[in-house]
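Reading through the structure tokens given below for one structure.
The values are calculated or read from the model by the stated rules, or taken from the named source; none is laboratory data. All figures in this text were calculated on a predicted structure; none of them were measured in a lab. Here the Cβ is made from the backbone with ideal geometry for all residues, glycine too, and neighbour counts use every protein chain on show.
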């Protein structure tokens, strides 16, 4: 069992090694990284974790990101051709994550990959081809659909559906930046993109093609407010919001003359009984 004292010591050692940048690494330093990566795999250390005192309700853990980056420094590129039907060449510190049937994860055949250093909860379903990058956390019961990406350090909650061709951008660097957060029971529609530390609160629904980042405001037609990121807080999508891709007109200069509109996400409603009926079929796929 890992105690808070153990984690404090691990954090200190990771940060010291990260700052030291030795020209080569000892066996004990490699073992330190292996222990750190195992805790990532078990979900006992995370690049971000819930914290009600912070904007958006989440706190970034920069030392965990430093540990992930250490893995790229420590490892050399090797030939993994013998580890599966498709050859690949990657860092020795980041092979494919070993998953057995006892893990309770369903990985449908067809080209999916989960990198080592990822927590994947029980009941997660991976539809081919999809990819989950190092440092990500995918909680119980979530489905990662075909052609979907869960980026490095992204935090995905329980019972989410990351639909086909969606991209969850992660955010590994800079180490102090909050990664993308998708809380419990969120439906991310097909071809969506969530980037730059956006926080999607629980039970939200993103309609197909919705793009969320720090640069694009979200217009809430229900509550009459505009949600924006600022220097102190990420873009936050409210709990149970239903967001679709929309547009807003350019009202000055050449843009007005040419009748140009710019893309913007729009909150058109908050989740209700009608929404539940439309999305309930996803449970049959698990």
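Scan the stretch 214-231 for residues that are more than 25 Å from residue 274 (Cβ to Cβ), in a loop (DSSP other than H, G, I, E, B) and free of Cβ contacts under 8 Å to residues at least 24 places away in the same chain and the total you get is 4. Residue 80 meets all of the listed conditions (1) over 24 Å from the mean Cα position of the chain (by Cα); (2) modelled with pLDDT of 95 or more but one, namely (2). Taken over the stretch 1-33, the criterion of being without any contact (Cβ under 8 Å) to a residue 40 or more places away in the chain and either closer than 19 Å to residue 92 by Cβ or assigned to a loop (DSSP other than H, G, I, E, B) (or both) is satisfied by 1, 3, 22, 23, 24, 26, 27, 28, 31, 32. In summary, residue 37 fulfils each of the numbered conditions (1) farther than 30 Å from residue 237 by Cα; (2) without any contact (Cβ under 8 Å) to a residue 60 or more places away in the chain with the single exception of condition (2).
Once the stretch 140-168 is narrowed to residues that are within 18 Å of residue 66 (Cα to Cα) and free of Cβ contacts under 8 Å to residues at least 60 places away in the same chain, the residue that is nearest to the chain's Cα centre (by Cα) is 154. Of all residues in the stretch 201-213, exactly one satisfies the criterion of being within 13 Å of residue 169 (Cβ to Cβ) and either in contact with a helix residue (DSSP H, G or I) (Cβ under 6 Å, 6 or more places away or on another chain) or assigned to a loop (DSSP other than H, G, I, E, B) (or both), namely 213. Restricted to the stretch 60-89, and to residues there that are in contact (Cβ under 8 Å) with a residue 40 or more places away in the chain and closer than 30 Å to residue 227 by Cα, the residue that is surrounded by the fewest Cβ atoms within 10 Å (Cβ to Cβ) is 62.
Per-residue answers, yes or no, for (1) more than 30 Å from residue 122 (Cα to Cα); (2) surrounded by fewer than 13 Cβ atoms within 10 Å (Cβ to Cβ); (3) at pLDDT below 95:
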| position | (1), (2), (3) |
| --- | --- |
| 219 | yes, no, no |
| 224 | yes, yes, no |
| 234 | no, no, no |
| 258 | yes, yes, no |
| 264 | yes, no, no |
| 268 | yes, no, no |
| 285 | no, yes, yes |
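The residues of the stretch 34-44 that are farther than 19 Å from residue 175 by Cβ and not in a loop (DSSP other than H, G, I, E, B), listed by number, are 34, 35, 38, 41, 42. Checked against (1) at negative phi; (2) assigned to a helix (DSSP H, G or I), residue 56 passes all but a single condition, namely (1). Can you name the residue in the stretch 170-200 that is in contact (Cβ under 8 Å) with a residue 60 or more places away in the chain and part of a loop (DSSP other than H, G, I, E, B) and is also nearest to residue 144 (Cα to Cα) among such residues? Across the stretch 170-200, the extreme among qualifying residues is 179.
Taking into account only those residues within the stretch 232-267 that are outside any strand (DSSP E or B) and closer than 15 Å to residue 217 by Cα, which is farthest from the chain's Cα centre (by Cα)? Filtering first and then ranking leaves 250. Just for the stretch 100-126: of the residues that are out of contact with any strand residue (DSSP E or B) (no Cβ under 7 Å at 6 or more places or on another chain) and part of a loop (DSSP other than H, G, I, E, B), which one is surrounded by the most Cβ atoms within 10 Å (Cβ to Cβ)? Only one residue fits best here, namely 117.
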